[in-house]
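Computed from the coordinates by the stated procedures, all read-outs in this text should not be read as laboratory data. All of these numbers come straight from a predicted model, not from anything done at the bench. Here the Cβ positions follow ideal geometry from the backbone for every residue, glycine too, while neighbour counts run over all protein chains shown.
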Amino acid sequence: VLSHNLCTVLNVPHDPVALEEHFRDDDEGPVSNQGYMPYLNKFILEKVQGNFDKVEFNRMCWTLCAKKNLSKSPLLISDEDAFKVWVIFNFLSEDKYPLIIVPEEIEYLLKKLTEAMGAGWQQEQFEHYKIALNTSREGLSAWELIDLIGSGQFSKGMDRQTVSMAINEVFNELILDVLKQGYMLKKGHKRKNWTERWFVLKPNIISYYVSEDLKDKKGDIILDGNCCVEALPDKDGKKCLFLIKCLDKSFEISASDKKKKQEWIQAIQTTVNLLRVGSPPPHKEARQKRKELRQKLLAEQEELERQMKELQTANENKQKELETVRKQLEAAAARAAEEEKKRLQTQVELQDRFSLELEREKMVRQKMEEQVAQKSSELEQYLQRVRELEEMYKQLQEALEDEKQARQDEETVRKLQARLLEEESAKRAELEKWHLQQQQTIQMTEAEKQELENQRMIKERALQVAMQQLEQLELERKEALEQYEEVKKKLETAANNTKSWKDKVAHHEGLIRLIEPGSKNPHLITNWGPAAFTEAELEERQKSWKGKKATSE
């Protein structure tokens, strides 16, 4: 139902088949935002051409969401005025979700409403409200804006009708692009009479109606860059005249007073000038400029925040560096104190060590003196020992001579033993060779024995296979004999039958010629195919022809 109504309001053809196909496999269900938003964008919004009534579209959207979100508390504005405030909110809100209206746009809207009500703008009151708003959030939602305007906080002393007229005037200007409207007299083209009409000026057209309820429209004045407006002098009893010139026709109009005349001429001329340069309506251009200014201020603020963050980061880095240097200095001072303490301790230890070493040197010197005296006595003993050793050396020389002779005898005996060992080794090698030959012979005998055993086994298996084959051949021979006996019986029976047939044929030879097998010789071939006679029969006929020919000659 929602899709069909949207298509009707937006003048888009509804495709129920596409709807069914889109939601066929949606696990979230057909009413989920995840499933419906892609369908809405693809099959409805992308097909919109712009030729639809935006007020009706807004009214449909308002019907969908107002009952759920509109405040239940009593407001100073009607539901129709709340709808118009909601549409104005959609026009002035930021282009991001969730939609909010920022304080600058709230101030612009409240100023417009205050100006339309003919009251004075309370800047100080709004500044207090703005400060309280900025501390809690970035802006207001549509329903909060409706509550703000409906509460009468910025329209104190105004009745409901005045507030409603102000909302309607701002709605006409911002949403319906009504630049100016009011009653004036228009001169007819055919009857040349003057009739009061309600004129509505928009960015490219002036429409005039019977009354301000806009129900009975009488015509349009199409504006373009070639149009112009100029004041006319009073004539025919009409005052405050001005002329609107278009390409196809001109329109004479009479305002109620000179002020209204000048306001209409200025408004129409401004509209024509905007059409010539291709600029949007003033309120849209002003909104775009305010938006660009906010974006610029936001960019500057972000850049300032970025620079502040960079400075803060640099300051923190410097603080960290200073803290690091301070800690390094403290550590260096602690190390220096520790090293000084170690140096003093080392100096004390070295002094103690030198004192101990000096005492030790004295004791060593005393010991050395005692050792020198002892060594002197030992030297005397050593000299006595040398003399004794010389005596012993002479005795050893004699013993060595005896030992040398004994060694020569021992060498002779050793050579004899070596020769005997060589002979024994040769005999041992020969015995080992004979032993290896015997082992090889035994191994060869074992291998031959194993080979013979294998051959015997193979022959036994072959003999068994041959016996089986022989038994099989014996069975086959018996079967062949049985078949032979059967065939022999059949041949005897056939021979008996043939003999009886030959007897019968012999009695009837003149009537029947027995069909016999033909000659195995190759048949003769004639121009009409195989011959009906054999070669022997042909020779007989040739001889008969030759005889007949010789007789005739």
### Message
If packing is taken as the average number of other Cβ atoms within 10 Å across a peptide's residues, how do 123-129, 443-449 rank, most packed first?
### Response
123-129, 443-449
### Query
Under a plain spin-label model, where a point goes 7 Å from the Cα along Cα-to-Cβ, how far apart in nm are residue 334 and residue 432?
8.1 nm
### Task
Rounded to the nearest Å, what's the spacing between the alpha carbon centres of region 342-362 and region 269-286? Just the number, please.
105 Å
### Query
Taking the Cα centre of each part, how many Å lie between region 368-443 and region 108-168?
133 Å
### Task
Output the pairs from 54/96; 112/296; 433/459; 84/239 with a Cα-Cα distance over 31 Å in this structure; if there are none, say none.
433/459; 84/239
### Task
Only helical DSSP H runs with n ≥ 4 go in: add -39500 (n - 2.57) per run for the chain, normalise by residue count and round the 222 nm mean residue ellipticity to 500 deg cm²/dmol.
-24500 deg cm²/dmol
### Task
Search the structure for amide H atoms under 5 Å from the amide H of residue 232, placed 1.01 Å from N in the peptide plane, and list their residues when 5 or more places away or on another chain.
241, 242, 243
### Query
Of [x] 123, 95, 26; [y] 52, 33, 17; [z] 58, 30, 23, which one was derived for semi-axes √(5λ) of the Cα gyration tensor in Å from the structure shown?
[x]
### Task
Starting with the highest mean, order 88-99, 358-369 by the number of other Cβ atoms within 10 Å, averaged over the residues of each peptide.
88-99, 358-369
### Message
Which one, 447, 131, 49, is farthest towards the positive end of the dipole of the chain when Lys and Arg carry +1 and Asp and Glu -1 on their Cβ?
### Response
49
#### Entry: Cβ crowding within 10 Å averaged over residues, with 193-200, 165-172 ranked highest first
165-172, 193-200
